[in-house]
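The block underneath contains the structure these notes are about, expressed in structure tokens.
The values are calculated or read from the model by the stated rules, or taken from the named source; none is laboratory data. The structure displayed is predicted, hence computed values, not measured ones. Heads up, the Cβs are rebuilt from the backbone with ideal geometry, glycines too, and the neighbour counts pull from every protein chain shown. Just so you know, the surface numbers come from the protein's heavy atoms only, side chains and all, with ligands and any DNA or RNA stripped out. Shrake-Rupley method; radii C 1.70, N 1.55, O 1.52, S 1.80 Å.
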Amino acid sequence: MLRLFLLFVGLLTLGLIVWHIGPGNIYDAAAQLGPVALLVMLIPSAIMYVVEAYGWKVTLGQSGKYIPFWRVLLIRTAGEAVNMTTPAGYVGGEPLKAHLLRKHHVPMEEAFTSVIIAKTTMTIAEVLFILLGIALWVWLLGGSESSGQTLPTALLSVGLLAFVSAGLVFVQRQGLFTWLLEFLRRIGLRIAYLEAREERLRSLDRAVWGFYRHKRPAFCASTGLFFLGWIAEALEVYVIIWYLGGPAMALSAISIAALSVFIKSSTFFIPGSLGAQDGGNLLLLEAFGYSDVTGITFALLRRFRELVWIGIGLLCLALLGGRQREFKKVAQTTQAMVPNTFSLPSLNSAEVACTPVLRKAHFWQRNARVSLNERQRNMINRVLDGFKDNLTAGKWAVIAKCSIPTAQRDIKELIDQGLLVRNEGESENTSYSIAAQ
């Protein structure tokens, strides 16, 4: 109900601004732009999407090497469209991104870890970009009355954003989901869905902690790429102002873009930041000496860009969903052809050892109720099919496309369940074999 009220207020505010400036004046300013100009205005945002997709891809680790970049770009574009169209504070599309990654054979841990890390690095880059914009604002506008009144508030808000970002990194390093579970239990609230997935959540926490500990260069690279993505947004500001006939200056464009991002992130609780973002852009351009007509036309053109990318994102989501339906059809056909349960004749150890196919079937019949993740199941099948080399944690990581710590955890769980054993007489590069059944 509150969000509907805020949406109504935002629409009313935008309508009053347009009415006050004059729809005819806005139309005259926008009519000067042709289709070519509108397409050129989309180029900076396309650059931003590509650069930020790379910023996400570097957090994928080993899995990222086997996923085509265009597919990562499609998934991110689809997720961002959901972020912009759902009332979830620009995080509603993040689970979708992880889900789509898992559909492309990325392990659950790595999919969710990459989404969490990428959102964190994007937020850190955003705070740095806003700080740069405020610094340029103070330098370009000097000690004007308007800047003197709003600067303390802006710095306080950015300081809060920086504090929240640092706190987010700290909590992730300590175990975000583990902490959440413990907190809910302390207040007497137990959520069945989370309780049933406690071990998975703890495993995800370990994966996030492992990223911060072992992949700091990737963390820094991702932050840098997202910062370049924000700079591309400043290029969009420069291009729009240039096409509207105003004097376009690079430093002013960076400051306007950064402060516009700050306004949008500060009003996330309003659906689409409607009204607040548009009015804020108008005031920003007026502060930098542009007319109110240029300011509101600028704001509406940026809305146009958002609508275009929402459409592109939904199209990407439809394409990805279409591919998933094909995969589901194949899976359903396969399941119909192969029974879920079957019985095997009793075989002695010699017969099983001499017949790999029967040995494999016998192994899975005996361990049908053992809970394994996809990597573990695939690797055991590979060994049962006749893996010729010695199975080590390093080879497991390469074949399963995961990190070595993840491979070691997988192997330890299998040893604890009696499915794998360490080969005796090895001190270095310990290898493992299927346990005798």
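Length available on full extension from Leu189 to Arg213: 0.36 nm per residue minus the Cα-Cα distance, which gives 5.5 nm. Estimated from the Cβ-Cβ distance and a Förster radius of 60 angstrom, the FRET efficiency linking Gln174 and Leu33 is about 0.75.
When peptides 310-317, 183-190 are sorted by average Cβ neighbour count within 10 Å, with the highest value leading, the order is 310-317, 183-190. Accessible surface computed residue by residue for segment 160-247, with neighbouring protein chains in place and a 1.4 Å probe, gives 59 Å² per residue. Estimated at 0.36 nm per residue, the fully extended path between Ala196 and Val421 surpasses their Cα-Cα distance by 78.1 nm. Of the peptides 289-295, 121-127, the order by per-residue mean of other Cβ atoms within 10 Å, starting with the highest, comes out as 121-127, 289-295.
Could you please state how large a percent of the accessible area of segment 1-137 is carbon and sulfur, counting protein chains only and using a 1.4 Å probe? Ligands and nucleic acids excluded, carbon and sulfur give 74 percent. Here the spin labels are modelled as points 7 Å beyond Cα on the Cα-Cβ line, and at Phe163 and Ser291 they lie 4.4 nm apart. On the basis of the beta-carbon distance and an R0 of 60 Å, His105 and Asn25 show a calculated FRET efficiency of 0.65. If the segment from Val40 to Ile399 were pulled out straight at 0.36 nm per residue, it would be longer than the present Cα-Cα gap by 124.9 nm.
The Cα-based radius of gyration of segment 1-134, divided by its Kirkwood radius, gives an Rg/Rh of 1.08.
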